[in-house]
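Below: the structure, in structure tokens.
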Amino acid sequence: MNAPTPAVSEAPDVAHLVDRHPTVSPERLVAQLVPPPTFTDVSFATYRPDPAEPSQAAAVDKCREFAEQAVARRAGKKKMFGKREVLPGVGVYLDGGFGVGKTHLLASTYFTVSQESPAPTAFATFGELTQLAGVFGFVECIELLGEYAVVCIDEFELDDPGNTTLVSRMLSQLVERGVSIAATSNTLPEQLGEGRFAAQDFLREIAALSQIFTTVRIEGPDYRHRGLPPAPEPLSDAEVAQRAGRVSGATLDDFDGLCKHLATMHPSRYLTLIEDVQAVFLTGVHALDDQNVALRLVSLTDRLYDAGVPVVASGEKLDTVFSEEMLAGGYRKKYLRATSRLLALTAAGMDL
């Protein structure tokens, strides 16, 4: 067993993520089908469109319209003797670059439908949805979600053909049962130039459903970078350990040790891994050369960002973790999104 790094040993009372071994029950997976904590209080009214980007205000109107249609479709139309016939669901696809508020609008759609329909609503990342199907089984998952008013899917991933086919089949059957679908997408960058817009790729991959989707394009720069300074200079190991000791609910881990620990569990457990963590402190950050490790870090970054957990680190700058070779490959968009989110999280950690 490797000896702990000096930074970790200097803060013996600080908890470590590597000591956590979370499990996730099927009931917990269902309970997690809600927007992440950072979007708990959002609504269409709290979305602030950029005046320079008229597509953003138009997107709010389109999402409101979709929410109304989703509620009406779930309610169905009246038939004889007071019975109702459920109508097939509708779909909306939010198409845009990083940080234009797609998740904000998706969560706002979830909350609006939740308030206006007696039927349940679901919000999940693409990975969470595939995990749900894996745990419950394909047929059982359709039975579980078949009575929902809307299923919101954040970052629909098109870079895994098997999972894309699985989820597309699932959504086709849900739509037939009156479930409406709202989605954003994550697509291969070589198909998109700079990785901004994905509508044609999304609709092609879900060909059986493409006719139900209204594409809403959202233009604009990444809001996370508006007025933000560049990635901060990393601290020393000792400074990171010292700061971790001052923050209640913080964790302190060696970067390599944490990366190895992430490999011991499915990414669906990462949310439980960071449960109740107030800040994550890392020592020895460096560029990664293994794509499997990098993708696990992307998943953890997404969970940290969703939960609003600041990050403080030593070693190399966090915006250099994903190598140029990785950024030129098929997962470019994932790495760019993770870098954007890491910058926001390290900015939040500067005052800790």
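The values are calculated or read from the model by the stated rules, or taken from the named source; none is laboratory data. As the structure is a computational prediction, the values presented were derived from the model and not from experiment. Protein only, heavy atoms only, side chains kept; ligands, DNA and RNA dropped before computing areas. Shrake-Rupley method; radii C 1.70, N 1.55, O 1.52, S 1.80 Å.
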ask   = Ordered by residue, what ³J(HN,Hα) values in Hz, to whole numbers, does region 247-261 give under the Karplus form 6.51 cos²θ - 1.76 cosθ + 1.60, where θ = phi - 60° and Gly and Pro are x?
value = 10, 5, x, 7, 10, 9, 9, 6, 4, 5, x, 5, 4, 5, 5
query = Can you pull the accessible area of residue 276 for me, 1.4 Å probe, Å² to the nearest 10?
reply = 120
message = If I ignore ligands, DNA and RNA and count only protein heavy atoms, how much of residue 239 is accessible to a 1.4 Å probe, in Å² to the nearest 10?
response = 80
query = Per residue, how many Å² of accessible area does region 255-327 show with a 1.4 Å probe?
reply = 38
task = Compare 333, 62 by solvent-accessible area with a 1.4 Å probe and give them largest first, with all protein chains kept in place.
result = 62, 333
ask   = Percent of accessible area on region 245-352 owned by carbon and sulfur, 1.4 Å probe?
value = 47
message = Going by Cα centres, region 95-113 and region 116-137 are how many Å apart?
response = 17
ask   = Any idea of residue 265's accessible area? Nearest 10 Å², probe 1.4 Å.
value = 20
